[in-house]
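S.K.: Once you've had a glance at the structure underneath, I'll fire off some questions.
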Amino acid sequence: MSKPINDLNTLLASMSPELQPGVFIYASVPFDTDLSGVTPIATFREREGLTIIAEESEALTAGIEPMFRAAWITLTVHSDLQAVGLTAAFAAALGKANVSCNVVAAAYHDHVFVPIESADTAMAALQQLQCEGLQQS
């Protein structure tokens with residue numbers, strides 16, 4: 001198992017964005033929704049309902065109405081959950097490329113969900129940010 005990294009320059013130089021295959025959706029469902037046909041990638045409980053991120057075809061088959069269709073990009077570097085600046089850096093790079101992003105920080109990696117039609121632009125912006133990080137380290 002790798003050791004988490006918290007140095008920003010090392011994180012940027014090592015982030016190695018990876019586009020996951022498929023189309024993913026964000027949706028909000030009532031708390032009592034039967035999700036037996038869906039394997040959520042992530043959930044978050046809000047006052048208004050349960051937000052789910054799931055593979056699009058599973059969600060549609062289960063009758064779940066998508067709010068947002070996304071490409072899923074994983075930053076494969078093992079980022080420390082207490083690292084400072086990584087989210088701000090990649091959000092700024094994506095913002096400059098006019099790509100919105102929704103971020104999920106997990107125990108080992110950061111996961112970025114961008115509009116499906118912006119996947120290539122997002123990957124290019126993140127790869128450019130990594131190259132700039134390599135030059136600074």
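S.K.: Do any residues in segment 1-18 that are without any contact (Cβ under 8 Å) to a residue 12 or more places away in the chain have Cβ atoms under 7 Å from those of residues that are of a type in the set (Asp, Glu) and loosely packed, with under 13 Cβ neighbours inside 10 Å, where the two are at least six apart or on different chains, and which pairs are they?
M.R.: Correct list of pairs: empty, since none qualify.
S.K.: Quick check on my filter: what residues within segment 110-137 are in contact with a helix residue (DSSP H, G or I) (Cβ under 8 Å, 6 or more places away or on another chain), crowded, with 18+ Cβ neighbours inside 10 Å and not charged (D, E, K, R)?
M.R.: The answer is VAL112, VAL114, ALA122, ALA125, LEU126, LEU129, GLN130, GLY133.
S.K.: Oh, and also: Considering only segment 25-39, state which residues are surrounded by fewer than 16 Cβ atoms within 10 Å (Cβ to Cβ) and within 23 Å of the chain's Cα centre (by Cα).
M.R.: SER28, GLY37, THR39
S.K.: Looking only at segment 78-137, how many residues end up being under 20 Å from ALA27 (Cβ atoms) and either touching a residue at least 60 places away in the same chain (Cβ under 8 Å) or not polar (S, T, N, Q) (or both)?
M.R.: Qualifying residue count for the region: 13.
S.K.: For segment 8-23, which residues satisfy the criterion of being farther than 15 Å from LEU129 by Cα and out of contact with any strand residue (DSSP E or B) (no Cβ under 8 Å at 6 or more places or on another chain)?
M.R.: Selection gives PRO21 alone.
S.K.: If ASP34 passes every condition in (1) at pLDDT 95 or above; (2) over 29 Å from CYS131 (Cβ atoms) but one, which one does it miss?
M.R.: Among (1) at pLDDT 95 or above; (2) over 29 Å from CYS131 (Cβ atoms), the lone unmet condition for ASP34 is (1).
S.K.: Looking only at segment 106-136, count how many residues are in contact with a strand residue (DSSP E or B) (Cβ under 6 Å, 6 or more places away or on another chain) and farther than 11 Å from MET15 by Cβ.
M.R.: Within segment 106-136, residues that are in contact with a strand residue (DSSP E or B) (Cβ under 6 Å, 6 or more places away or on another chain) and farther than 11 Å from MET15 by Cβ number 7.
S.K.: Is there a residue in segment 69-88 that is surrounded by 17 or more Cβ atoms within 10 Å (Cβ to Cβ) and over 18 Å from GLN130 (Cα atoms)?
M.R.: Within segment 69-88, one or more residues are surrounded by 17 or more Cβ atoms within 10 Å (Cβ to Cβ) and over 18 Å from GLN130 (Cα atoms).
The values are calculated or read from the model by the stated rules, or taken from the named source; none is laboratory data. Everything quoted here is computed from the prediction, not taken from an experiment. As a convention, Cβ positions derive from the backbone with ideal geometry for all residues, glycine included, and neighbour counts pool all protein chains shown.
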